[in-house]
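**Q** Shown below is the structure under consideration.
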Amino acid sequence: MPHKYNILIVDDEPGVVFLLKEELTESEQYSVATAQDGAEAINLLHAQPFDVVLLDVKMPRVGGIEVLKFIREYYPTTQVIILTNVADVKTAIETMKLGAYDFVSKPYTREELLATVGRAVELHRLTIDNEVMKYELSRQSSAHEIIGESEVMQGVVRTAEKIAQSDAIVHIQGPSGTGKELVAHLIHTSSNRKNHPFVIVNCASIPDALLESELFGHEKGAFTSAVAMKQGLVEVANGGTLFLDEVGDISTMIQPKLLRFLESGEFRRVGGTNAMKVDVRILSATNKDLQKEVEAGRFREDLLYRLNVVTIRIAPLKERKEDIPRLVEHFLQKKSKTKNPKHISAEAMQLLLRYDWPGNVRELEHVIEGAVLLSHDDEIRAKDLPLTIVDKVDGHLPQENQHATEKVLSLEEIEKHHIEFSLQKNNFNRLKTSEMLGITPKTLYLKIKKYRITVPQH
Ligand SMILES: Nc1ncnc2c1ncn2[C@@H]1O[C@H](COP(=O)(O)OP(=O)(O)OP(=O)(O)O)[C@@H](O)[C@H]1O
Ligand SMILES: [Mg+2]
């Protein structure tokens, strides 16, 4: 079922409403609701966000201007088209100063109407995309290909693609760095919702006190710092997919609210009284064992059962080492700046295959990235690999690498060097560096302080 755009028509002349509704519903794209006056419109708007509102100005009880102001304050991304008589175009222009997108003057032609609504819908989509971009920040979207030849990874991809067609809630379980986010992304892009937002909420990185308002939004004045109304991510994701990452970290305070939302699709903004509804598909992930969290009293059992209707498990890399060669090739291609990617020596590959990869694919990606930079020619050799890998594997070291163990650095020294190296590589951009290292900007900041790393001031 493709997502339809929600349109609200507000006019006190039943004939006008009837005609507009007919013309818009003819196009399969729109789902249309109607209201006879401003008061009814505001009630409907309280219950769900609309993409576009067609609004008459002169109506009994509450007039169009009031509704327009309400929409601008509470639904900043909703686009408003004013319905007006030719004689009253002046008022219409006034309303555009208040934030209406456009106006249609009666009598209008069908083409005119559809074109204006079409543009408003498009603008709404773009504004939402813009919001989404803010949340996705600099996530590189090109890098979403899932590599995995092992039977287990093939199974994961098959299940993800199959389940994508339904609206089922899917839980993705696996140790850190195994590609949970990639799988969530695959489910979204293989679904009918792919042209709508994919919004990621990292439940672990948002403080408890803020998570509720991040998710569900807040009304102006809901708390001291709430100087303006803010839409929650569930609204931003409307029509699309909301990925609750690290869902095991949601506090017991927020869990009941999330549960209610999953059960009914309804939510309230913080400080708001009205229940609102959105159409969002939920995915979640964690590297915790949620069953254990339930036993420890940190996670509600009923919420767990809601979330794990379908569970996709991703195995740690050490249990599917046959994936390593193709992953290495993939990362060599991704990290080498030139058209001809570097290759890897047989010995170095042996080391990679023997190592246990506690940080899974993310660790492998970082190792390859580092090795590409360290190697002086086209070939990556054992000496270009971090000592941890060389040290931790059993058995004797390959000949070419023995000198590397002569001076043993402490783990802290290695970490310090690695951070310095990564900072330089990213031009001392801390956000990019923390992303590359797979740690939060705050952790990076603390480590920079701990190791007294000098960062030039821009
Ligand atoms: N099968 C794979 N093919 C290609 N790249 C992969 C694969 N698995 C993981 N990666 C890469 O490894 C990195 C980590 O993956 P991702 O962020 O999806 O892991 P995660 O399971 O969400 O980790 P965490 O629990 O730490 O959040 C990403 O850069 C991702 O592109
Ligand atoms: Mg993740």
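The values are calculated or read from the model by the stated rules, or taken from the named source; none is laboratory data. Predicted model only: the values in this text are computed from it and were never measured. Cβ coordinates were reconstructed from backbone atoms using ideal geometry, including for glycine residues, and neighbour counts include every protein chain displayed.
**Q** If the Cβ limit is 7 Å and pairs must be 6+ apart or interchain, which residue in segment 228-246 that is within 16 Å of ligand 1 (Cβ to nearest atom) and of a type in the set (D, E, K, R) pairs with which residue that is assigned to a helix (DSSP H, G or I) and at pLDDT below 90?
**A** Pairs that qualify, where the first residue is within 16 Å of ligand 1 (Cβ to nearest atom) and of a type in the set (D, E, K, R) and the partner is assigned to a helix (DSSP H, G or I) and at pLDDT below 90: there are none.
**Q** Right, next: State whether the residues of segment 167-178 include one that is within 16 Å of ligand 2 (Cβ to nearest atom), assigned to a helix (DSSP H, G or I) and farther than 24 Å from residue 123 by Cα.
**A** no
**Q** Hey, could you check segment 292-329 for residues that are part of a loop (DSSP other than H, G, I, E, B) and away from ligand 1 (no atom under 16 Å from the Cβ) and say which is nearest to the chain's Cα centre (by Cα)?
**A** By that ranking, first place goes to 308.
**Q** Scan segment 162-184 and give yes if some residue there is touching a strand residue (DSSP E or B) at 6+ places or on another chain (Cβ under 6 Å), surrounded by 22 or more Cβ atoms within 10 Å (Cβ to Cβ), outside the structural domain of residue 77 (by TED's automatic domain parsing) and within 19 Å of residue 51 (Cα to Cα), otherwise no.
**A** Within segment 162-184, none of the residues are touching a strand residue (DSSP E or B) at 6+ places or on another chain (Cβ under 6 Å), surrounded by 22 or more Cβ atoms within 10 Å (Cβ to Cβ), outside the structural domain of residue 77 (by TED's automatic domain parsing) and within 19 Å of residue 51 (Cα to Cα).
**Q** Go through segment 180-227 and give me each residue that's assigned to a helix (DSSP H, G or I) and within 16 Å of ligand 1 (Cβ to nearest atom).
**A** Listed by number, the residues that qualify are 180, 181, 182, 183, 184, 185, 186, 187, 188, 189.
**Q** From the residues in segment 429-458 that are surrounded by 14 or more Cβ atoms within 10 Å (Cβ to Cβ) and in contact (Cβ under 8 Å) with a residue 40 or more places away in the chain, which one is nearest to ligand 1 (Cβ to nearest atom)?
**A** Among those that are surrounded by 14 or more Cβ atoms within 10 Å (Cβ to Cβ) and in contact (Cβ under 8 Å) with a residue 40 or more places away in the chain, it is 438.
**Q** Counting only residues that are within 16 Å of ligand 2 (Cβ to nearest atom) and either surrounded by fewer than 20 Cβ atoms within 10 Å (Cβ to Cβ) or charged (D, E, K, R) (or both), how many does segment 187-219 have?
**A** Result for segment 187-219: 4.
**Q** Something else about it: Among the numbered conditions (1) in a helix (DSSP H, G or I); (2) without any contact (Cβ under 8 Å) to a residue 40 or more places away in the chain; (3) more than 30 Å from residue 214 (Cβ to Cβ), tell me where residue 34 comes up short.
**A** So residue 34 meets the others, but not (1).
**Q** Could you grab me the full set of residues in segment 416-433 that are assigned to a helix (DSSP H, G or I), at pLDDT below 85 and under 27 Å from the mean Cα position of the chain (by Cα)?
**A** Within segment 416-433, 425 is the sole residue that qualifies.
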